[in-house]
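*Asks:* Please read through the structure below; I'll follow up with questions.
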Amino acid sequence: MAKFEKVEIAGQSLPIRYGFNALAIFEKESGQSVSSISKYGDNVPVRIAIDLVYAGLKDGARVSKNNFILTKDDVGDLLDEDSNALVRVLEVFSKMMGQSKKK
């Protein structure tokens, strides 16, 4: 079974995963390649951040066998409610991308 983590966002513990499926979702939703994220450094545009979080949560729900009912607007609202959530999600993203490169 594919591995996923739980991330705390706005008082909810949500499954999240960044693998090839999540990256494909991100590219489809954002219209940008995953490699383009690094060009922003610490100044990731809000819409890109929402697309990245959305993709990870959507794939996390899939691999954890949970229904995914969030829209991108819902994800934006969750990020509004929890000002540190994006930092936690980006830590998971970095960790999972590092694991993928090691294999």
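*Asks:* Subtracting the Cα-Cα distance from 0.36 nm times the residue separation, let me have the gained length for Lys65 to Lys28 in nm, one decimal.
*Replies:* 11.1 nm
*Asks:* If I compute solvent accessible area with a 1.4 Å probe over the protein chains, what percent of it on region 2-103 is carbon and sulfur?
*Replies:* Answer for region 2-103 is 51 percent, counting heavy atoms of protein chains only.
*Asks:* Modelling each spin label as a point 7 Å along the Cα-to-Cβ direction, I'd like the Ser13/Asp73 distance in nm, to one decimal.
*Replies:* 3.0 nm
*Asks:* Counting helices only, and only those DSSP H runs with n ≥ 4, report the 222 nm mean residue ellipticity of the chain as the sum of -39,500 (n - 2.57) divided by its residues, in deg cm²/dmol to the nearest 500.
*Replies:* So the calculated ellipticity at 222 nm is -18000 deg cm²/dmol.
*Asks:* For region 46-57, just list the computed ³J(HN,Hα) in residue order, Karplus coefficients 6.51, -1.76 and 1.60, θ = phi - 60°, integers in Hz, with x standing in for Gly and Pro.
*Replies:* Values per residue, Gly and Pro as x: 4, 5, 5, 4, 4, 4, 5, 5, 4, 4, x, 5 Hz.
*Asks:* Given H placed 1.01 Å from N in the peptide plane, which residues other than close sequence neighbours of Ile9 have an amide H under 5 Å from its amide H?
*Replies:* Those qualifying (amide H under 5 Å, at least 5 residues apart or on another chain) are Leu14.
*Asks:* Still on this structure, I have one more. From the backbone phi of region 10-22, what are the Karplus-calculated ³J(HN,Hα) couplings (6.51 cos²θ - 1.76 cosθ + 1.60, θ = phi - 60°) in whole Hz, Gly and Pro given as x?
*Replies:* Once rounded to whole Hz, the list reads 6, x, 10, 9, 10, x, 9, 8, 10, x, 4, 5, 5.
*Asks:* Rounded if a/c is under 1.5, else prolate if a/b beats b/c, else oblate: with a ≥ b ≥ c from the C-alpha gyration tensor eigenvalues square-rooted, which is region 24-82?
*Replies:* In terms of gyration-tensor shape, oblate.
*Asks:* Order of 18-27, 66-75 by packing, highest average Cβ count within 10 Å first?
*Replies:* Listed from highest to lowest mean packing, they are 18-27, 66-75.
*Asks:* I've got another one for you. Kindly report the accessible area of the chain per residue (heavy atoms of protein chains, probe 1.4 Å, no ligands, DNA or RNA), in Å².
*Replies:* Details: 6300 Å² over 103 residues.
In whole numbers, the chain has 61 Å² accessible per residue.
*Asks:* Lysine pairs in the chain 8 or more apart or on different chains: how many have alpha carbons under 18 angstrom apart?
*Replies:* Summing the qualifying lysine pairs gives 14.
*Asks:* If I take R0 = 30 Å and measure r between the Cβ atoms of Ser38 and Lys6 in this structure, what FRET efficiency does the formula 1/(1 + (r/R0)^6) give, to the nearest 0.05?
*Replies:* E(calc), rounded to 0.05, equals 0.70.
*Asks:* At 1.002 mPa s and 20 °C, plugging the Kirkwood radius over alpha-carbon pairs of the chain into Stokes-Einstein gives what diffusion coefficient in µm²/s?
*Replies:* It comes out at roughly 158 µm²/s.
*Asks:* Could you tell me which of rounded, prolate or oblate describes region 1-49, using a ≥ b ≥ c as the square roots of the eigenvalues of the alpha-carbon gyration tensor, with rounded for a/c under 1.5 and, failing that, prolate when a/b is larger than b/c and oblate otherwise?
*Replies:* oblate
The values are calculated or read from the model by the stated rules, or taken from the named source; none is laboratory data. All of these numbers come straight from a predicted model, not from anything done at the bench. For neighbour counting, all protein chains shown are included, and Cβ atoms are generated from backbone atoms with ideal geometry for every residue, glycine included. The protein model used for the area step is the full one, side chains on, heavy atoms only, and it has no ligands, DNA or RNA in it. Shrake-Rupley method; radii C 1.70, N 1.55, O 1.52, S 1.80 Å.
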